[in-house]
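Written out below as C-alpha coordinates is the structure these notes cover.
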Amino acid sequence: MSSPDPQVRAARNHESTPAVRGPVVAVTGAASGVGALLTERLAASDEIRQVIAIDERRGECAAARWHILDVRDPAIADKLRGADVVVHLALDLDLETDAAARTAYNVRGTQTVLTAAAAAGVHRVVLCTSAMVYGALPDNELPLSEDAELRATAEATGVGDLLEVERLARRAPRAHPGLNVTVVRPAVLVGGGTDTALTRYFESPRLLVVAGSRPAWQFCHVEDLCGALEYAVLEKVDGELAVGCDGWLEQEEVEELSGIRRMELPSAVALGAAARLHRIGLTPSPAGDLAYTMYPWVVSGSRLHDAGWRPRWTNEEVLAELLEEVSGRHTVAGRRLGRKDATAAGAAGATVALLGAAAVVRRARKARRRI
(Lines give C-alpha, C1' and ligand atoms only; values in the text may rest on other atoms or scores of the structure.)
Protein backbone atom coordinates (compact mmCIF):
# COMPACT_ATOMS: atom_id res chain seq x y z
CA MET A 1 0.00 0.00 0.00
CA SER A 2 1.41 3.39 -1.05
CA SER A 3 2.27 5.96 1.57
CA PRO A 4 0.01 9.00 1.92
CA ASP A 5 0.61 12.12 -0.08
CA PRO A 6 3.26 14.37 1.61
CA GLN A 7 0.69 17.15 2.03
CA VAL A 8 -1.70 14.71 3.73
CA ARG A 9 1.10 13.54 6.06
CA ALA A 10 1.92 17.17 6.91
CA ALA A 11 -1.72 17.91 7.70
CA ARG A 12 -1.94 14.82 9.97
CA ASN A 13 1.26 15.82 11.76
CA HIS A 14 -0.13 19.32 12.30
CA GLU A 15 -3.32 17.89 13.77
CA SER A 16 -1.31 15.81 16.22
CA THR A 17 0.87 18.73 17.33
CA PRO A 18 0.07 19.76 20.91
CA ALA A 19 -2.05 22.92 21.20
CA VAL A 20 -0.31 26.21 21.83
CA ARG A 21 0.25 26.56 25.57
CA GLY A 22 0.43 30.34 25.66
CA PRO A 23 -2.07 32.50 27.54
CA VAL A 24 -5.79 32.82 26.93
CA VAL A 25 -6.34 36.55 26.40
CA ALA A 26 -9.59 38.49 26.68
CA VAL A 27 -9.85 41.84 24.88
CA THR A 28 -12.61 44.33 25.66
CA GLY A 29 -13.60 46.86 23.02
CA ALA A 30 -12.56 44.23 20.48
CA ALA A 31 -14.86 45.20 17.62
CA SER A 32 -13.26 48.47 16.56
CA GLY A 33 -10.21 50.70 16.74
CA VAL A 34 -7.16 49.49 18.63
CA GLY A 35 -9.20 46.65 20.14
CA ALA A 36 -9.97 45.19 16.71
CA LEU A 37 -6.35 45.48 15.57
CA LEU A 38 -5.05 43.86 18.75
CA THR A 39 -7.62 41.05 18.57
CA GLU A 40 -6.52 40.19 15.02
CA ARG A 41 -2.84 40.38 16.00
CA LEU A 42 -3.21 38.12 19.04
CA ALA A 43 -5.42 35.65 17.19
CA ALA A 44 -2.70 35.25 14.55
CA SER A 45 0.10 34.81 17.11
CA ASP A 46 1.69 31.41 17.73
CA GLU A 47 2.30 32.50 21.33
CA ILE A 48 -1.40 32.98 22.18
CA ARG A 49 -3.60 29.98 22.89
CA GLN A 50 -6.98 31.67 22.45
CA VAL A 51 -8.53 35.13 22.21
CA ILE A 52 -11.81 36.01 23.89
CA ALA A 53 -13.31 39.10 22.26
CA ILE A 54 -15.81 41.23 24.19
CA ASP A 55 -17.81 44.14 22.83
CA GLU A 56 -21.36 45.39 22.39
CA ARG A 57 -21.31 44.14 18.80
CA ARG A 58 -19.50 41.37 16.99
CA GLY A 59 -16.29 42.30 15.22
CA GLU A 60 -14.66 40.78 12.16
CA CYS A 61 -12.08 38.48 13.74
CA ALA A 62 -13.48 35.00 13.09
CA ALA A 63 -10.67 33.29 15.03
CA ALA A 64 -11.73 34.87 18.32
CA ARG A 65 -14.48 33.62 20.65
CA TRP A 66 -17.00 36.45 20.88
CA HIS A 67 -19.17 37.59 23.78
CA ILE A 68 -21.59 40.44 23.15
CA LEU A 69 -22.18 42.59 26.24
CA ASP A 70 -21.52 45.93 27.90
CA VAL A 71 -18.32 45.93 29.97
CA ARG A 72 -20.29 47.47 32.86
CA ASP A 73 -22.39 44.31 33.12
CA PRO A 74 -21.24 42.21 36.12
CA ALA A 75 -22.00 39.14 33.99
CA ILE A 76 -18.66 39.81 32.31
CA ALA A 77 -17.02 37.83 35.13
CA ASP A 78 -18.47 34.61 33.68
CA LYS A 79 -17.10 35.47 30.23
CA LEU A 80 -13.61 35.98 31.67
CA ARG A 81 -13.36 32.58 33.32
CA GLY A 82 -10.44 30.65 31.85
CA ALA A 83 -8.65 33.79 30.71
CA ASP A 84 -5.10 34.41 31.90
CA VAL A 85 -4.89 38.05 30.80
CA VAL A 86 -7.46 40.78 30.11
CA VAL A 87 -6.65 43.79 27.92
CA HIS A 88 -9.24 46.46 28.67
CA LEU A 89 -9.68 48.77 25.67
CA ALA A 90 -13.38 49.58 25.98
CA LEU A 91 -12.96 53.30 26.66
CA ASP A 92 -15.04 56.11 25.19
CA LEU A 93 -12.88 59.15 24.40
CA ASP A 94 -15.12 60.49 21.62
CA LEU A 95 -15.03 64.29 21.44
CA GLU A 96 -18.75 64.42 20.74
CA THR A 97 -19.87 62.22 23.67
CA ASP A 98 -21.54 63.94 26.62
CA ALA A 99 -18.78 64.37 29.21
CA ALA A 100 -20.80 63.00 32.14
CA ALA A 101 -21.93 59.94 30.17
CA ARG A 102 -18.38 59.35 28.96
CA THR A 103 -16.97 59.44 32.49
CA ALA A 104 -19.71 57.15 33.81
CA TYR A 105 -18.94 54.60 31.10
CA ASN A 106 -15.14 54.76 31.39
CA VAL A 107 -14.89 54.64 35.17
CA ARG A 108 -17.66 52.13 35.81
CA GLY A 109 -16.42 49.93 32.97
CA THR A 110 -12.87 49.84 34.31
CA GLN A 111 -14.08 49.16 37.86
CA THR A 112 -16.26 46.29 36.64
CA VAL A 113 -13.54 44.72 34.50
CA LEU A 114 -10.97 44.82 37.31
CA THR A 115 -13.40 43.31 39.84
CA ALA A 116 -14.65 40.70 37.37
CA ALA A 117 -11.10 39.74 36.36
CA ALA A 118 -10.15 39.14 40.00
CA ALA A 119 -13.33 37.11 40.58
CA ALA A 120 -12.66 35.01 37.46
CA GLY A 121 -9.11 34.14 38.52
CA VAL A 122 -7.38 36.28 35.89
CA HIS A 123 -3.84 37.06 36.99
CA ARG A 124 -3.07 40.09 34.79
CA VAL A 125 -5.05 43.06 33.50
CA VAL A 126 -3.57 45.44 30.94
CA LEU A 127 -5.07 48.94 30.85
CA CYS A 128 -4.43 51.60 28.20
CA THR A 129 -4.56 55.28 29.10
CA SER A 130 -2.36 57.97 27.51
CA ALA A 131 0.90 59.79 28.07
CA MET A 132 -1.37 62.82 28.48
CA VAL A 133 -1.70 61.82 32.16
CA TYR A 134 1.80 63.23 32.73
CA GLY A 135 0.44 66.65 31.84
CA ALA A 136 1.75 69.15 29.29
CA LEU A 137 3.81 71.64 31.28
CA PRO A 138 6.55 74.14 30.41
CA ASP A 139 8.98 72.59 32.91
CA ASN A 140 8.56 68.99 31.77
CA GLU A 141 11.79 67.12 31.13
CA LEU A 142 12.50 65.98 27.59
CA PRO A 143 11.83 63.10 27.61
CA LEU A 144 9.79 62.10 30.66
CA SER A 145 10.53 58.82 32.41
CA GLU A 146 7.72 56.37 33.21
CA ASP A 147 8.16 57.21 36.89
CA ALA A 148 7.53 60.91 36.35
CA GLU A 149 4.74 62.37 38.44
CA LEU A 150 1.28 62.43 36.85
CA ARG A 151 0.66 66.18 36.84
CA ALA A 152 -2.22 66.39 34.39
CA THR A 153 -5.50 67.98 35.41
CA ALA A 154 -9.02 67.09 34.29
CA GLU A 155 -9.23 70.14 32.00
CA ALA A 156 -8.55 68.31 28.70
CA THR A 157 -10.91 65.94 26.90
CA GLY A 158 -11.07 62.59 28.68
CA VAL A 159 -7.95 63.17 30.77
CA GLY A 160 -9.94 63.23 34.02
CA ASP A 161 -11.28 59.78 33.11
CA LEU A 162 -7.79 58.50 32.35
CA LEU A 163 -6.47 59.79 35.67
CA GLU A 164 -9.27 57.91 37.42
CA VAL A 165 -8.40 54.76 35.47
CA GLU A 166 -4.79 55.20 36.64
CA ARG A 167 -6.01 55.50 40.23
CA LEU A 168 -8.07 52.33 39.88
CA ALA A 169 -5.01 50.57 38.45
CA ARG A 170 -2.95 51.48 41.51
CA ARG A 171 -5.66 50.38 43.92
CA ALA A 172 -6.56 47.08 42.23
CA PRO A 173 -3.58 44.95 43.40
CA ARG A 174 -4.26 46.03 46.98
CA ALA A 175 -7.97 45.31 46.72
CA HIS A 176 -7.40 42.05 44.83
CA PRO A 177 -4.13 40.37 45.97
CA GLY A 178 -2.59 38.32 43.19
CA LEU A 179 -3.94 40.56 40.42
CA ASN A 180 -1.17 42.21 38.38
CA VAL A 181 -2.10 45.45 36.61
CA THR A 182 -0.02 46.89 33.77
CA VAL A 183 -0.75 50.37 32.37
CA VAL A 184 0.29 51.39 28.85
CA ARG A 185 0.49 55.11 28.04
CA PRO A 186 0.80 55.98 24.33
CA ALA A 187 1.88 59.35 22.95
CA VAL A 188 -0.32 61.09 20.33
CA LEU A 189 -2.10 58.09 18.84
CA VAL A 190 -2.46 57.88 15.05
CA GLY A 191 -4.01 55.29 12.72
CA GLY A 192 -6.98 52.96 12.81
CA GLY A 193 -9.45 55.82 12.54
CA THR A 194 -8.26 57.55 15.71
CA ASP A 195 -10.07 60.87 16.13
CA THR A 196 -8.92 63.15 18.96
CA ALA A 197 -8.41 66.84 19.62
CA LEU A 198 -4.74 66.28 18.79
CA THR A 199 -5.36 64.60 15.42
CA ARG A 200 -7.91 67.29 14.58
CA TYR A 201 -5.21 69.88 15.18
CA PHE A 202 -3.79 68.82 11.81
CA GLU A 203 -7.15 69.26 10.06
CA SER A 204 -6.98 73.04 10.50
CA PRO A 205 -6.04 75.34 7.59
CA ARG A 206 -3.41 76.84 9.93
CA LEU A 207 -1.57 75.28 12.86
CA LEU A 208 -2.42 77.26 15.98
CA VAL A 209 0.73 78.23 17.88
CA VAL A 210 0.38 80.04 21.18
CA ALA A 211 2.97 82.78 21.51
CA GLY A 212 5.75 81.90 23.93
CA SER A 213 4.91 78.17 23.99
CA ARG A 214 7.37 75.33 23.38
CA PRO A 215 5.58 72.43 21.63
CA ALA A 216 7.28 69.07 21.09
CA TRP A 217 5.45 66.44 19.05
CA GLN A 218 5.77 62.72 19.66
CA PHE A 219 3.47 60.26 17.95
CA CYS A 220 2.52 56.62 18.45
CA HIS A 221 1.20 54.52 15.58
CA VAL A 222 -1.57 52.09 16.52
CA GLU A 223 0.54 49.21 15.19
CA ASP A 224 3.31 50.08 17.63
CA LEU A 225 0.78 50.38 20.45
CA CYS A 226 -0.52 46.89 19.64
CA GLY A 227 3.05 45.61 19.71
CA ALA A 228 3.58 47.13 23.15
CA LEU A 229 0.29 45.67 24.40
CA GLU A 230 1.36 42.25 23.12
CA TYR A 231 4.62 42.57 25.07
CA ALA A 232 2.55 43.23 28.20
CA VAL A 233 0.22 40.32 27.46
CA LEU A 234 3.17 37.94 27.12
CA GLU A 235 4.68 39.26 30.38
CA LYS A 236 7.84 40.44 28.67
CA VAL A 237 7.41 43.71 30.57
CA ASP A 238 5.11 45.02 33.27
CA GLY A 239 4.39 48.03 35.44
CA GLU A 240 3.71 51.46 33.97
CA LEU A 241 4.81 51.68 30.34
CA ALA A 242 5.08 54.66 28.03
CA VAL A 243 5.07 54.01 24.30
CA GLY A 244 5.79 56.22 21.30
CA CYS A 245 8.17 56.88 18.45
CA ASP A 246 11.80 57.54 19.33
CA GLY A 247 12.49 61.22 19.93
CA TRP A 248 10.23 64.11 18.96
CA LEU A 249 9.63 66.86 16.41
CA GLU A 250 9.87 70.57 17.13
CA GLN A 251 6.98 72.77 15.95
CA GLU A 252 9.09 74.19 13.11
CA GLU A 253 9.82 70.65 11.87
CA VAL A 254 6.13 69.78 11.98
CA GLU A 255 5.27 72.87 9.94
CA GLU A 256 7.99 72.11 7.40
CA LEU A 257 6.97 68.46 7.04
CA SER A 258 3.24 69.18 6.88
CA GLY A 259 3.43 72.24 4.68
CA ILE A 260 0.80 73.88 6.91
CA ARG A 261 1.58 77.43 7.96
CA ARG A 262 1.23 78.57 11.55
CA MET A 263 -1.27 80.95 13.12
CA GLU A 264 0.31 82.53 16.18
CA LEU A 265 -1.91 84.08 18.86
CA PRO A 266 -1.25 85.52 22.31
CA SER A 267 -1.94 83.07 25.09
CA ALA A 268 -4.77 85.09 26.62
CA VAL A 269 -6.57 85.36 23.26
CA ALA A 270 -6.19 81.68 22.32
CA LEU A 271 -7.10 80.23 25.72
CA GLY A 272 -9.85 82.73 26.38
CA ALA A 273 -11.53 82.19 23.02
CA ALA A 274 -11.22 78.40 23.30
CA ALA A 275 -12.79 78.43 26.76
CA ARG A 276 -15.72 80.64 25.69
CA LEU A 277 -16.40 78.68 22.50
CA HIS A 278 -16.47 75.40 24.42
CA ARG A 279 -18.63 76.81 27.21
CA ILE A 280 -21.43 77.78 24.82
CA GLY A 281 -21.14 74.52 22.87
CA LEU A 282 -19.63 75.80 19.62
CA THR A 283 -16.57 73.52 19.89
CA PRO A 284 -16.11 70.05 21.42
CA SER A 285 -12.62 70.75 22.77
CA PRO A 286 -12.14 72.49 26.13
CA ALA A 287 -9.36 75.04 26.53
CA GLY A 288 -7.33 72.42 28.41
CA ASP A 289 -6.71 70.57 25.14
CA LEU A 290 -4.59 73.51 23.96
CA ALA A 291 -1.94 72.82 26.61
CA TYR A 292 -0.99 69.61 24.78
CA THR A 293 -0.14 71.67 21.69
CA MET A 294 1.77 74.26 23.75
CA TYR A 295 4.14 72.35 26.03
CA PRO A 296 6.10 69.07 25.83
CA TRP A 297 4.88 65.72 27.14
CA VAL A 298 7.35 63.47 25.31
CA VAL A 299 8.05 60.07 26.91
CA SER A 300 11.17 57.92 26.87
CA GLY A 301 9.60 54.44 26.68
CA SER A 302 12.68 53.10 28.49
CA ARG A 303 10.98 50.07 30.08
CA LEU A 304 9.77 48.74 26.75
CA HIS A 305 13.16 49.47 25.18
CA ASP A 306 14.94 47.61 27.99
CA ALA A 307 12.66 44.61 27.32
CA GLY A 308 13.68 44.56 23.65
CA TRP A 309 10.69 46.36 22.10
CA ARG A 310 11.33 48.96 19.40
CA PRO A 311 8.89 51.17 17.49
CA ARG A 312 8.58 50.33 13.83
CA TRP A 313 7.40 53.82 12.94
CA THR A 314 9.23 57.15 13.13
CA ASN A 315 7.59 60.44 14.06
CA GLU A 316 8.05 61.62 10.47
CA GLU A 317 6.31 58.52 9.07
CA VAL A 318 3.40 58.73 11.52
CA LEU A 319 2.90 62.43 10.79
CA ALA A 320 2.79 61.64 7.07
CA GLU A 321 0.14 58.97 7.67
CA LEU A 322 -1.86 61.34 9.87
CA LEU A 323 -1.83 64.03 7.19
CA GLU A 324 -3.03 61.48 4.65
CA GLU A 325 -5.83 60.32 6.98
CA VAL A 326 -7.14 63.83 7.64
CA SER A 327 -6.82 65.02 4.05
CA GLY A 328 -10.09 66.61 2.99
CA ARG A 329 -11.29 67.23 6.54
CA HIS A 330 -11.52 70.76 7.88
CA THR A 331 -11.51 71.73 11.52
CA VAL A 332 -11.36 75.10 13.26
CA ALA A 333 -11.00 75.33 17.06
CA GLY A 334 -11.67 71.59 17.32
CA ARG A 335 -14.99 71.74 15.46
CA ARG A 336 -15.16 69.76 12.23
CA LEU A 337 -16.70 71.84 9.47
CA GLY A 338 -18.93 70.95 6.56
CA ARG A 339 -17.77 71.55 3.00
CA LYS A 340 -19.38 75.01 2.73
CA ASP A 341 -17.95 76.12 6.08
CA ALA A 342 -14.56 74.71 5.16
CA THR A 343 -14.39 76.75 1.96
CA ALA A 344 -15.04 79.93 3.90
CA ALA A 345 -12.55 78.99 6.61
CA GLY A 346 -9.89 78.16 4.08
CA ALA A 347 -10.37 81.47 2.32
CA ALA A 348 -10.49 83.60 5.44
CA GLY A 349 -7.85 81.69 7.39
CA ALA A 350 -8.11 80.06 10.80
CA THR A 351 -7.32 83.31 12.61
CA VAL A 352 -10.42 85.00 11.24
CA ALA A 353 -12.53 81.92 11.95
CA LEU A 354 -11.36 81.64 15.55
CA LEU A 355 -11.58 85.34 16.35
CA GLY A 356 -14.82 85.61 14.42
CA ALA A 357 -16.30 82.85 16.56
CA ALA A 358 -15.09 84.72 19.65
CA ALA A 359 -16.87 87.80 18.34
CA VAL A 360 -20.08 85.76 18.06
CA VAL A 361 -19.71 84.93 21.74
CA ARG A 362 -19.33 88.61 22.64
CA ARG A 363 -22.39 89.58 20.58
CA ALA A 364 -24.42 86.81 22.20
CA ARG A 365 -23.42 88.05 25.65
CA LYS A 366 -24.40 91.63 24.81
CA ALA A 367 -27.74 90.44 23.46
CA ARG A 368 -28.43 88.53 26.69
CA ARG A 369 -27.60 91.60 28.77
CA ARG A 370 -30.09 93.72 26.78
CA ILE A 371 -32.90 91.24 27.47
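A few remarks follow.
- If you check R200, R214, R185 for being touching a Leu at 6+ places or on another chain (Cβ under 8 Å), in contact (Cβ under 8 Å) with a residue 24 or more places away in the chain and farther than 29 Å from T115 by Cα, only one passes: R200.
- Members of the range 245-286 found to be open to solvent by less than 30 Å² (accessible area, probe 1.4 Å) and either of a type in the set (S, T, N, Q) or without any contact (Cβ under 8 Å) to a residue 24 or more places away in the chain (or both), listed by number: Q251, S258, T283, S285
- Check on V126, within 19 Å of E240 (Cβ to Cβ), at pLDDT 95 or above and buried (at least 17 other Cβ atoms within 10 Å of the Cβ): yes
- Some residue of the range 278-290 being out of contact with any Ser or Thr (no Cβ under 6 Å at 6 or more places or on another chain), more than 18 Å from T153 (Cβ to Cβ) and charged (D, E, K, R): no
- The criterion of at least 3 residues that are open to solvent by 80 Å² or more (accessible area, probe 1.4 Å), modelled with pLDDT of 50 or more and not hydroxyl-bearing (S, T, Y) is met by the following helices (runs of 4 or more DSSP H) wholly inside the range 287-368: 315-326.
- Meets criteria (closer than 26 Å to G227 by Cα, open to solvent by less than 40 Å² (accessible area, probe 1.4 Å) and more than 23 Å from the chain's Cα centre (by Cα)) for L89: no
- E96 vs. criteria part of a loop (DSSP other than H, G, I, E, B) and open to solvent by 30 Å² or more (accessible area, probe 1.4 Å): yes
- T115 vs. criteria open to solvent by 10 Å² or more (accessible area, probe 1.4 Å), modelled with pLDDT under 95 and either out of contact with any Asp or Glu (no Cβ under 7 Å at 6 or more places or on another chain) or not small (G, A, S) (or both): no
- When the range 43-81 is limited to residues that are among the small types (G, A, S) and surrounded by 14 or more Cβ atoms within 10 Å (Cβ to Cβ), the one that is nearest to R200 (Cα to Cα) turns out to be G59.
- Taking the criterion of being part of a helix (DSSP H, G or I), over 30 Å from P74 (Cβ atoms) and among the basic types (K, R), no residue of the range 118-171 qualifies.
- Condition met for S204 (open to solvent by less than 30 Å² (accessible area, probe 1.4 Å), of a type outside the set (D, E, K, R) and over 24 Å from Y134 (Cα atoms)): yes
- Filtered by the rule that a residue be at pLDDT 95 or above and among the β-branched types (V, I, T), the range 20-55 gives V24, V25, V27, T28, V34, T39, I48, V51, I52, I54.
- Within the range 158-171, the presence of a residue that is surrounded by fewer than 19 Cβ atoms within 10 Å (Cβ to Cβ) and closer than 21 Å to W248 by Cβ is excluded.
- Filter result (more than 20 Å from D94 (Cα to Cα) and surrounded by fewer than 20 Cβ atoms within 10 Å (Cβ to Cβ)) within the range 24-39: V24
- Considering each residue of the range 224-244 in turn, at least one proves to be surrounded by 14 or more Cβ atoms within 10 Å (Cβ to Cβ), closer than 16 Å to E321 by Cα and of a type in the set (D, E, K, R).
- Note on the range 146-157: residues that are surrounded by 14 or more Cβ atoms within 10 Å (Cβ to Cβ) and either more than 23 Å from A275 (Cβ to Cβ) or modelled with pLDDT under 95 (or both) total 7.
The values are calculated or read from the model by the stated rules, or taken from the named source; none is laboratory data. Quick caveat: nothing in here was measured; it's all calculated off a predicted structure. Positions of Cβ are backbone-derived with ideal geometry, glycine not excepted, and every protein chain shown enters the neighbour counts. We work out accessible area using only protein heavy atoms, side chains counted, and drop any ligands, DNA or RNA first. Shrake-Rupley method; radii C 1.70, N 1.55, O 1.52, S 1.80 Å.
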